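The values are calculated or read from the model by the stated rules, or taken from the named source; none is laboratory data. Since this is a predicted model, take the numbers as computed values, not measurements. All Cβ positions, glycine included, derive from the backbone under ideal geometry; neighbour counts span all protein chains shown. SASA here: full protein model, heavy atoms, side chains in, ligands and nucleic acids out. Shrake-Rupley method; radii C 1.70, N 1.55, O 1.52, S 1.80 Å.
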There are 2 protein chains.
Amino acid sequence: MPGTVQSIERAAAILRMLAGGPGRLGLSEISRSLELAKGTTHGILRTLQGVGFVEQDRVSGQYQLGASLLHLGTSYLDTNELRSRSINWADPLAVRSGEAVRIGTVLDGQVLIVHHVFRPDDTFQTLDVGALLPLHATALGKVLIAYRTGLTTTELAAYTRKTLIKPRELAMALEHVRECGWAADVEELTPGQAAIAAPIRGYGGLVIGAIGVSGPVERICDSRYAPRPRLVTSVRDAARAISREMGAARR
Amino acid sequence: MPGTVQSIERAAAILRMLAGGPGRLGLSEISRSLELAKGTTHGILRTLQGVGFVEQDRVSGQYQLGASLLHLGTSYLDTNELRSRSINWADPLAVRSGEAVRIGTVLDGQVLIVHHVFRPDDTFQTLDVGALLPLHATALGKVLIAYRTGLTTTELAAYTRKTLIKPRELAMALEHVRECGWAADVEELTPGQAAIAAPIRGYGGLVIGAIGVSGPVERICDSRYAPRPRLVTSVRDAARAISREMGAARR
DNA sequence: ATTGATGTTCGACAATGTCGACCACTGCTC
DNA sequence: GAGCAGTGGTCGACATTGTCGAACATCAAT
């Protein structure tokens with residue numbers, strides 16, 4: 001691509017490879033995958049190692065992501081406006097709903113979680129910030145693709161028996177999202193789990209993110225697997241409040 | 001530096017600049033700081049933007065860190081062995097001590113927090129994972145520099161009136177750390193807060209990280225500002241258990 | 001209207017990044 | 001133990017790319 005620095009693009013491709021899959025890769029494997037000469041790959045890895053973006057295991061010789069990226073990643077969160085404006089609404093939503101709250105945006109055709117409030121109880125939970133989730137199989141994702149043109153989810157993988165994998169079914173579901181202004185996923189990503197999400201709009205009304213609650217399906221939905229209206233209202237209220245702040249910040 | 005790719009080093013320098021300071025910088029300011037031509041800086045920023053490591057504000061034209069870094073940062077955590085082996089000891093330590101637990105390692109002459117367990121109560125807390133803390137003003141940091149040669153903390157900034165800023169005082173404190181095998185900071189980073197930390201050793205006994213608890217000084221220390229022996233024992237026990245796992249993994 | 005800053009573009013060219021050939025080492029098979 | 005196939009790594013020639021100076025458009029302040 002003209003006008004960009006090829007070696008930086010190659011370095012980024014290497015980092016992405018290391019972020020996916022098993023997390024540790026050898027020099028030869030990276031070279032084969034990216035169709036680069038080993039000398040080229042080695043020079044890039046040596047440079048990434050020097051700046052702390054990559055570390056090499058001294059026993060196996062394999063490479064993995066380095067500690068400097070953690071600081072960059074969390075620094076990104078500090079300046080992320082979607083997140084900073086949502087935080088004040090996410091905690092109360094978790095308290096009011098009694099469920100975990102997540103805020104997501106689009107990254108590389110997936111949902112990137114930028115904020116996560118634990119369900120307010122004592123259960124063991126893992127933090128999802130930084131995680132990438134599928135667009136079509138999550139409430140957050142369906143909200144994001146319903147209001148975004150150009151997000152063609154190429155392959156609809158099945159995560160559970162309830163995941164929408166037929167393009168026509170997904171299109172109808174997204175039409176419904178646009179009609180009523182929120183989305184749900186009922187055991188579409190994880191068996192026994194459900195979620196509700198609503199769009200967060202930025203300047204000019206563009207959807208820039210989504211906020212949602214998730215938890216056991218029997219708490220998120222009633223006995224007929226319909227999302228509980230009380231939760232829908234809470235999520236939509238929070239989304240509207242955040243959207244107002246996003247819009248107001250630009251005026 | 002021979003053998004490395006200069007443009008990748010420059011790109012990393014730009015990302016570091018964006019991670020420090022206000023988080024948003026203009027092209028001209030970046031060029032001045034790094035002594036690069038504006039065309040050079042622009043080409044690097046355009047490339048970083050293309051790979052998602054940087055975003056440009058469409059109104060002000062300023063640049064900031066991009067969303068892709070968040071995913072890379074948290075992917076680093078997934079493969080970080082210090083963290084993955086510490087998790088199982090960190091939660092029980094938080095429960096037993098009733099205080100927040102953090103695990104840190106060295107990055108760029110500072111403490112990088114790689115794991116953080118909230119104090120088990122209802123108070124509002126912010127997650128420190130990814131944060132950089134000063135070595136000389138924290139219990140974690142003192143542990144790390146006590147057992148690491150070559151970590152010369154060049155400038156000892158004062159964070160509170162109790163921060164050790166004289167090299168001789170710090171050296172004596174570090175000698176004491178080596179003698180008794182743990183460190184404390186009593187209101188040295190934050191007024192009213194104290195912490196206790198112990199070293200985590202890897203293969204061959206090398207100190208690769210530290211684990212510590214922190215909280216209000218009246219809970220961490222007795223009325224004479226001495227760290228409570230019960231907490232010291234708990235922290236050291238956890239550190240030893242983790243160290244065994246780190247060592248055992250290599251045999 | 002002028003000035004001084006900003007971000008952006010473009011083409012010449014010098015510097016750098018690329019890569020083929022080679023190396024040492026390791027693990028596996030026979 | 002020898003042979004083989006893989007690994008990560010090095011190095012120098014050279015072709016490609018990254019760099020940068022000059023110019024431009026835009027914007028805010030005076």
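For region A:156-251, what is one quarter of the convex hull surface built on the Cα atoms, given in nm²?
Numbers: hull surface 26.2 nm².
For region A:156-251, the mean projected area of the Cα convex hull comes to 6.6 nm².
How far apart, in nm, are two points set 7 Å out from the Cα along the Cα-to-Cβ line at B:THR123 and at A:THR79?
Label-label distance for B:THR123 and A:THR79, simple model: 3.2 nm.
Between A:VAL117, A:ALA241, A:GLY205, whose Cα lies farthest towards the positive end of the dipole of chain A when Lys and Arg beta carbons carry +1 and Asp and Glu beta carbons carry -1, centred on the Cα centre?
Checking the options against the dipole of chain A, the answer is A:GLY205.
Taking accessible area as the heavy-atom solvent-accessible surface of the protein chains with a 1.4 Å probe, which residues of region A:1-26 lose no less than 20 Å² upon going from the isolated chain to the full protein assembly?
A:GLY3, A:THR4, A:VAL5, A:SER7, A:ILE8, A:GLU9, A:ALA12, A:LEU15, A:ARG16, A:ALA19, A:ARG24
Relative to the present Cα-Cα distance, how much length would full extension add between B:ILE87 and B:ARG244 at 0.36 nm per residue of separation? Walk me through the intermediate numbers first.
On the way: separation 157, 0.36 × 157 = 56.52 nm, distance 1.39 nm.
Stretched out fully, the B:ILE87 to B:ARG244 stretch lengthens by 55.1 nm.
Quote the relative contact order of region A:162-251 in percent (integer), defining contacts as alpha-carbon pairs under 8 Å separated by 6+ residues. Show your work: numbers first, answer last.
Working: 124 pairs, mean separation 22.4, N = 90.
Here the relative contact order equals 25 percent.
Region A:19-71: which trypsin sites (Lys or Arg not before Pro) are DSSP loop and have at most 13 other beta-carbon atoms within 10 angstrom?
On the way: sites: A:ARG24, A:ARG32, A:LYS38, A:ARG46, A:ARG58; in loops: A:ARG24, A:ARG58.
Hits after loop and neighbour filter: A:ARG58.
At A:TYR225, with labels set 7 Å past Cα in the Cβ direction, how many nm apart are the copies from this one, shortest first?
Spacings between copies for this position, smallest first, are 6.4 nm.
Taking the Cα centre of chain A as the origin, how large is its charge dipole in debye, to the nearest 20, when only Lys and Arg (+1) and Asp and Glu (-1) carry charge on their Cβ atoms? Walk me through the numbers on the way to the answer.
Values: 29 positive and 24 negative charges, 95 e Å.
Taking the Cα centre of chain A as origin, the dipole is about 460 debye.
Kindly report the accessible area of region A:6-70 per residue (heavy atoms of protein chains, probe 1.4 Å, no ligands, DNA or RNA), in Å². Walk me through the intermediate numbers first.
Working: 2860 Å² over 65 residues.
Value returned for region A:6-70: 44 Å² of accessible area per residue.
Chains A and B: how much accessible area gets covered up at their contact, both sides added, probe 1.4 Å, in Å² to the nearest hundred?
Values: alone 13900 and 13910 Å², together 23680 Å².
Its buried surface, counting both partners, is about 4100 Å².
Give me the number: length gained by fully extending B:ALA37 to B:MET172, i.e. 0.36 nm times residue separation minus the C-alpha to C-alpha distance, one decimal in nm. Walk me through the numbers on the way to the answer.
Values: separation 135, 0.36 × 135 = 48.60 nm, distance 4.71 nm.
Working it through step by step, the gained length comes to 43.9 nm.
How compact and how long is the protein assembly as shown, expressed as Rg and Dmax of its alpha-carbon atoms in Å?
Every Cα atom of the protein assembly as shown included, Rg and Dmax give 23.9, 72 Å.
What residues of region B:70-108 lie in the reach of a label at B:LEU151, counting those whose backbone N is under 16 Å from a point 7 Å from the Cα along Cα→Cβ?
B:82-83, B:102-108
Of A:TYR225, A:HIS176, A:ALA94, whose Cα points farthest to the positive end of the dipole of region A:80-248 (charges on the beta-carbon: +1 Lys, Arg; -1 Asp, Glu; origin at the Cα centre)?
A:HIS176
Could you tell me the extents of region A:80-248's C-alpha atoms along the three principal axes, largest first, rounded to whole Å?
Result, largest extent first: 38, 37, 28 Å.
Given an 8 Å cut-off on Cα distances and at least 6 residues of separation, report the relative contact order of chain A as a percent. It would help to have the intermediate numbers written out before the result.
On the way: 413 pairs, mean separation 34.9, N = 251.
Relative contact order, chain A: 14 percent.
Inverting the mean 1/r over all pairs of different Cα atoms, compute the Kirkwood radius of region B:1-151 and quote it in Å. Don't skip to the end; give the middle numbers.
Values: mean 1/r = 0.0559 Å⁻¹.
Kirkwood hydrodynamic radius for region B:1-151: 17.9 Å.
Take every Cα-Cα pair in region B:6-70 and report what % of them are more than 19 Å apart.
More than 19 Å apart: 17 percent of the Cα pairs in region B:6-70.
Using alpha carbons only, how many angstrom separate the centre of region B:29-58 from the centre of region B:172-227?
41 Å
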